[in-house]
Amino acid sequence: MSRLAYGWRWLRSLLFSVLIYAAMLPIALAYLPWALRSRDGAVAAAHRWCAFVRWLAYWLLNLRTEIRGTPPEGEVLIAAKHQSFLDIILIYGAVPRGRFIMKKELVYAPILGQIALRMGCVPVDRGRRGAAIKKMMEEVRAGRDDPGQLIIYPQGTRVAPGVVAPYKMGTAALYRELGQPCVPVACNVGVFWPRRGVMRRPGTAIIEFLPEIPPNLPPNLFMQQIEEAVETRSDALMAETGFPLALKES
């Protein structure tokens with residue numbers, strides 16, 4: 001790629017980032033009265049923003065997004081590969097009543113923090129692992145009368161394509177506590193939307209909902225099945241892009 005083409009792509013990527021974050025506030029304000037009355041309003045606001053991001057990515061960056069598999073509609077635990085902010089957007093936009101385990105600090109973000117709480121997100125202090133898991137389970141138990149899909153990232157953080165990172169047992173604790181099926185989700189989004197930096201690449205970013213894992217498996221077996229399903233399919237989705245050659249060429 002020439003320096004001119006690279007610079008033009010970088011500028012469009014920067015504009016994209018500015019526009020999607022700027023859009024958060026007017027969308028949140030427009031839906032805030034409804035969101036304060038009902039979780040439905042917060043969910044609708046988040047879905048509208050996710051749809052806007054997908055549209056703008058295609059229009060401005062030639063970055064297509066694709067949802068494969070069948071997004072769950074009932075009460076399930078979703079255990080997903082986390083490569084960038086884009087997988088959050090695609091997963092949440094695909095399910096009807098999603099909620100996340102989120103960093104406690106996000107609660108204090110003006111308006112957006114309140115929207116997140118109304119969406120049913122569960123704030124935890126990730127700096128204290130044992131206490132975080134305990135708090136997480138208490139919050140999940142407290143919210144079980146509000147059905148939906150609890151989304152968690154078993155590796156605990158964003159992991160760049162090709163990087164190996166362990167799966168944490170907190171996912172097994174939630175799986176055991178909830179007594180619900182678990183739907184693994186694979187992705188290749190980090191090839192196009194890296195976990196750091198401004199640059200976004202054209203192509204087709206994919207998340208794929210995989211066959212669900214039944215409830216009440218032994219923790220070690222459950223974690224083995226999650227990791228095998230998510231990693232194997234994510235590797236296959238990245239291979240569709242020509243990874244890692246695709247990154248070098250772009």
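So that you can scan it fast, the table gives a plain yes or no per residue for (1) open to solvent by less than 50 Å² (accessible area, probe 1.4 Å); (2) at pLDDT below 95; (3) of a type in the set (Val, Ile, Thr):
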site: VAL185; (1), (2), (3): yes, no, yes
site: ASN188; (1), (2), (3): yes, no, no
site: ILE206; (1), (2), (3): yes, no, yes
site: PRO211; (1), (2), (3): no, no, no
site: PRO218; (1), (2), (3): no, no, no
site: ILE226; (1), (2), (3): yes, no, yes
site: ALA229; (1), (2), (3): yes, no, no
site: ARG233; (1), (2), (3): no, no, no
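Kindly indicate the residue of segment 30-57 that is in a helix (DSSP H, G or I) and surrounded by fewer than 13 Cβ atoms within 10 Å (Cβ to Cβ) and also nearest to the chain's Cα centre (by Cα) among those meeting that condition.
ALA51
Looking at segment 201-220, I want the residues that are farther than 25 Å from LEU14 by Cβ and have a partner that is modelled with pLDDT under 95 and open to solvent by 20 Å² or more (accessible area, probe 1.4 Å) with Cβ atoms under 6 Å, at least 6 apart or on another chain. Which pairs are those?
Going by the 6 Å Cβ cut-off, the qualifying pairs are PRO215/GLY179; PRO215/GLN180.
Looking at segment 156-183 only, could you name the residues that are more than 21 Å from GLU212 (Cα to Cα) and either open to solvent by less than 20 Å² (accessible area, probe 1.4 Å) or aliphatic (A, V, I, L, M) (or both)?
Of everything in segment 156-183, those that are more than 21 Å from GLU212 (Cα to Cα) and either open to solvent by less than 20 Å² (accessible area, probe 1.4 Å) or aliphatic (A, V, I, L, M) (or both) turn out to be VAL159, ALA160, VAL163, VAL164, ALA165.
For the subset of segment 98-123 comprising residues that are in a loop (DSSP other than H, G, I, E, B) and open to solvent by 40 Å² or more (accessible area, probe 1.4 Å), which member is modelled with the highest pLDDT?
PRO110
Can you name the number of the only condition in (1) open to solvent by 10 Å² or more (accessible area, probe 1.4 Å); (2) more than 23 Å from LEU32 (Cα to Cα); (3) modelled with pLDDT of 75 or more that ARG126 fails?
It fails just one condition, (3).
Report whether or not ILE67 is open to solvent by 20 Å² or more (accessible area, probe 1.4 Å) and hydrophobic (A, V, I, L, M, F, W, C).
Yes; evaluated as a whole, the condition is true for this residue.
The values are calculated or read from the model by the stated rules, or taken from the named source; none is laboratory data. Since the model is a prediction, treat every value here as computed from it, not as a measurement. FYI the Cβ positions are ideal-geometry reconstructions off the backbone, even for glycines, and counts take in every protein chain you see. Areas reflect the complete protein model, heavy atoms only, side chains present, ligands, DNA and RNA absent. Shrake-Rupley method; radii C 1.70, N 1.55, O 1.52, S 1.80 Å.
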